Amino acid sequence: MPDMRFAPPNPLRIADRASGLNAVSVRSYNERLVLSLLLQNSSTTRLEIGEQTGLSAQTVSVLVRSLEQEGLVAKGEAQKGRVGPPTVPLTLNPEGAYSIGISVGNRHTDIVLIDFVGKIRFHKTLPNPQLAHGSNHSEFLETIASAVKLLPDAERERLAGVGLALPRRLSGGMDEEAYFKALQAEIEEQLGIAVFVQNDITAAASGESMFGAAKTLSDYMFFYLGADLHGRLVLNHQIYNGNSEVSFDVGIAALERDLSAQGKEVDPLWNRSGSWPDYGALVSDWEERLIAQMRASLHGVGQFVEIETVILSSYAPESICQDICRKLEAAAPQIKAIAGNIVPAPKAIGAASLPFSSRFMVSGN
């Protein structure tokens, strides 16, 4: 998709020891280095920043003081009882930055506004629009504007941007390239907000890495359960997406077909209510097929790299995801399976992480 601002594929992490530079001319890079550590960890200290970046204690103090003055970083309570002076933990200020995420799904589009630590401040689900000639996507623009208006005037300048998570293709025969280019242009031109673009599954993995269940993990297999089952391999915090589409027709759309064949109601599968009706054995049978595909994917990846952890992200009910994880662990005892916890719109929250990655984190190697 040409002419789009392409966002980094994930919240780019600092390796075991990143290299900081003690030069005034690269202060912006060093600030990103500090913010990257804080996005990677719930809290850290000046000493830990110095140890992990190689920056001098004086440089770290100057950087932290500047970030505090800008409202991006906050001090915690001093921790006493240790040898030496009390240690003061540093955390991100939730109100230090905001971001909007848009994810166009199989049937619905989710729009969220999140703060700097990933808390949802606004969420709305819209039906996917039908592309019309000359459409200005007014409902999208109005919804984004409504989210921005929720911020106090003094905090609107802290909006980092809009993240747009794109599927590889849309249903309904829509001309997605023209649609997305038009949507991006209209957001930037009419609302004056920069738009950052990424594949929707990669964005979902980014969200779990920055804010969710994968925050402390460096290597794992990421699965996203939507209409289809999608996979991404994450190694050393980097999300890998090959040239071929990694998706399998064993997702919620497959369950919908099973239920429809039995005359069951299927609309609850696609809402964000947090629960499904009791479909009985039909769900159990579907879960078994889903787990079989996940195991096949893990076996394929296992020919090249050893994977011990799986993250399963979805807007499906938490109880369903946890049940799938339990069954996967029973079928593959060497695997620890963890249900994602950025809900109810993982791809939209992942999309919202993209402006943070682009504006506040260091670039990967």
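Observations on the model:
- For residue 342, the accessible area of its heavy atoms, probed at 1.4 Å with every protein chain present, is near 10 square angstrom.
- Cα point-scatterer Debye curve for region 207-323, base-10 log of I(q)/I(0) at q = 0.12 Å⁻¹: -0.46
- Three semi-axes of the equivalent ellipsoid, region 277-365, Cα gyration tensor, whole Å, largest first: 28, 20, 9
- Report note on the peptides 310-319, 66-75: ranked by the mean count of other C-beta atoms within 10 Å, highest first, their order is 310-319, 66-75.
- Links that overshoot a 23 Å alpha carbon limit, given the list 119/181; 181/347; 119/336; 124/149: 119/181; 119/336
- Partners of residue 75 within straight-line reach, counting aspartates and glutamates whose Cα lies under 14 Å from its Cα and excluding those fewer than 8 residues away in the same chain: 95.
- Here, P(r) means the percent of Cα pairs in each 10 Å bin from 0 to the largest distance; for region 318-365 it is 23, 30, 27, 20, 0.
- The magnitude of the dipole of region 251-323, with charges of +1 and -1 set on the Cβ of Lys/Arg and Asp/Glu and taken from the Cα centre, is near 180 debye.
The values are calculated or read from the model by the stated rules, or taken from the named source; none is laboratory data. If you're wondering where the values come from, they're calculated on a predicted model, not measured in any experiment. Here the Cβ is made from the backbone with ideal geometry for all residues, glycine too, and neighbour counts use every protein chain on show. In case anyone asks, the SASA skips ligands and DNA or RNA and just uses the protein heavy atoms, side chains included. Shrake-Rupley method; radii C 1.70, N 1.55, O 1.52, S 1.80 Å.
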